[in-house]
Amino acid sequence: MALTPTSIPQVLAMGEAMVEFNQSPGDARQYLQGFGGDTSNFAIAARRQGVSTGFVSALGDDRFGRMLLDLWREEAVDTNLVRVDAQAPTGVYFVSHDESGHHFDYLRAGSAASRYCPQDLPREALAGAAFLHLSGISLAISASACDAAFEAMSIIRAAGGNVSFDTNLRLKLWPLARARATMREAFRLTDVCLPSWDDVTAVTGLDDRDAILDALLSYGVKVVALKLGREGCYVATPDERRIVAPHPVKAVDATGAGDCFGGAFVARLALGDDPFAAARYANVCAALSTTGYGAVAPVPRAEQVLQTLAG
């Protein structure tokens with residue numbers, strides 16, 4: 001079925017979603033099933049802020065893939081652009097805990113998402129969307145997925161849309177030298193950059209906030225929202241830059257807070273906010289998401305964020 005302009009989501013996200021198994025604090029042999037994947041978290045967060053979203057990826061023809069499809073349908077994230085690959089599995093990962101912190105073990109090599117390639121791209125949808133969101137993980141999972149990501153970025157920008165990009169550096173997936181070279185090329189195709197401090201200092205080799213903003217803007221990025229955690233964020237355009245203060249809360253779990261910030265920020269841009277108003281909204285949204293556990297369940301909806309802003 002051909003897509004019509006009204007059926008194309010405003011915001012697309014591209015990358016790998018996975019099923020999570022998180023070790024129970026009460027019994028190390030028990031694991032609680034959940035969901036992971038930065039761009040999936042982003043798509044759900046943006047959808048909860050009132051924009052239409054869709055996910056661009058592939059899943060295995062297995063129980064875990066069907067669980068992810070059910071999650072997105074429950075969240076009203078469009079799944080029409082998700083391929084089902086009968087020859088590859090859906091990725092999964094395990095989180096274990098000990099006195100030194102959290103530990104992640106991934107079973108994602110050869111996953112359906114890693115086999116995604118340029119020929120799989122939904123070109124019509126990309127040409128009709130307002131935003132395409134990707135991350136460093138979208139580029140790192142395989143060479144073919146990286147090629148597809150760069151082509152997708154080129155397609156949407158050629159059609160007048162925008163690319164948002166979160167650095168999300170995962171050195172278990174690729175060496176730093178390759179990550180630096182690839183992300184620097186990605187910056188040249190990025191309109192809205194959403195880096196976190198640890199990632200962007202490693203990628204750029206810089207540790208001064210203004211120098212980092214200058215470097216990103218020099219690639220042609222139009223808006224940078226540098227995430228600073230409890231300090232809020234530092235937002236820059238070619239003409240102006242401001243620290244946007246955080247929203248104070250009693251945080252219990254920051255899992256997915258950066259993805260929540262990105263989804264809320266891009267959603268508000270899509271709805272017409274300027275970058276500084278979008279950042280204020282996204283700071284509140286991300287802060288509220290840390291008052292519950294998990295990456296998805298505590299993400300607030302627009303009504304709660306707007307009520308908090310008004311208060």
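The values are calculated or read from the model by the stated rules, or taken from the named source; none is laboratory data. Predicted model, so just to flag it, every value in this text is computed and none were measured. Neighbour counts run over all protein chains shown; Cβ positions are idealised from the backbone, glycine included. The area values use the complete protein model at the heavy-atom level, side chains included, leaving out ligands, DNA and RNA. Shrake-Rupley method; radii C 1.70, N 1.55, O 1.52, S 1.80 Å.
Miscellaneous remarks
- For the range 162-311, DSSP calls about 60 percent of its internal beta bridges antiparallel.
- Highest-fluctuation residue, C117, C233, C285 considered, GNM on the chain with Cα pairs under 10 Å: C117
- Each label was represented as a point 7 Å from its Cα along the Cα-to-Cβ direction; for R83 and D70 these points are 2.6 nm apart.
- Choice from L132, L228, L171 with maximal GNM fluctuation in the chain (Cα, 10 Å cutoff): L171
- Rounded to the nearest whole Hz, the Karplus-based 3J(HN,Hα) values (6.51 cos²θ - 1.76 cosθ + 1.60, θ = phi - 60°) of the range 218-232 follow the sequence 5, 7, x, 4, 8, 9, 10, 10, 7, 7, 10, x, 5, 8, x, with x at glycine and proline.
- FRET efficiency, 1/(1 + (r/R0)^6) with R0 45 Å, evaluated for I243 and E99 via beta carbons: 0.80
- Prolate/oblate/rounded label for the range 1-67 (Cα gyration tensor, a/c 1.5): prolate
- Taken per residue, the accessible surface of the range 180-311 reaches 44 Å², heavy atoms only and a 1.4 Å probe.
- Residue of S96, S154, S196 that the Gaussian network model of the chain assigns the largest fluctuation, springs spanning Cα pairs under 10 Å: S96
- Modelled label reach - D273, point 7 Å along Cα→Cβ, the range 282-311 residues with backbone N closer than 17 Å: 282-290, 299-311
- What the range 43-91 shows is 40 Å² of accessible area per residue, with the surface traced by a 1.4 Å probe over protein heavy atoms.
- All other residues whose Cβ lies under 11 angstrom from that of R83 are scored, Lys and Arg at +1 and Asp and Glu at -1, for a net of -2.
- Whole-Hz couplings from phi, Karplus 6.51/-1.76/1.60, listed for the range 197-202; x for Gly and Pro: 4, 4, 5, 6, 5, 5
- For the range 178-311: relative contact order, % (alpha-carbon pairs under 8 angstrom, 6 or more apart): 18
- The Kirkwood radius of the chain, taken over pairs of alpha-carbon atoms, gives through the Stokes-Einstein law at 25 °C and 0.890 mPa s a diffusion coefficient of 127 µm² s⁻¹.
- ³J(HN,Hα), Karplus 6.51/-1.76/1.60, whole Hz, each residue of the range 243-254, x for Gly, Pro: 6, 10, 5, x, 9, x, 8, 9, 7, 10, 7, 8
- Sequence-separation-based contact order of the chain, relative, with Cα cut under 8 Å and 6+ spacing, percent: 16
- Long-range HN-HN contacts of R83 with modeled amide H, under 5 Å: S57, A58, L59
- For the range 49-165, the relative contact order comes to 22 percent (Cα pairs under 8 Å, sequence separation of at least 6).
- Counting DSSP beta bridges with both ends in the chain, the antiparallel % (nearest 5): 45
- Label point 7 Å beyond Cα of A127 along Cβ direction - residues of the range 182-203 with amide nitrogen under 17 Å: none
- Rolled with a 1.4 Å probe across the full set of protein chains, the surface gives R83 an accessible area near 80 Å².
- Length gained on full extension, D198 to S154: 13.1 nm, using 0.36 nm per residue less the C-alpha separation.
- Of all accessible heavy-atom area on the chain, the percent that carbon and sulfur account for (1.4 Å): 51
- Here the peptides 244-253, 22-31 are ranked by packing, the mean other Cβ count within 10 Å, and the order with the highest first is 244-253, 22-31.
- Distance between the pseudo-spin-label points of L32 and R63 (7 Å out from Cα toward the beta carbon): 2.0 nm.
- Projected label points at L171 and T308, each 7 Å from Cα along the beta carbon direction, are separated by 3.2 nanometres.
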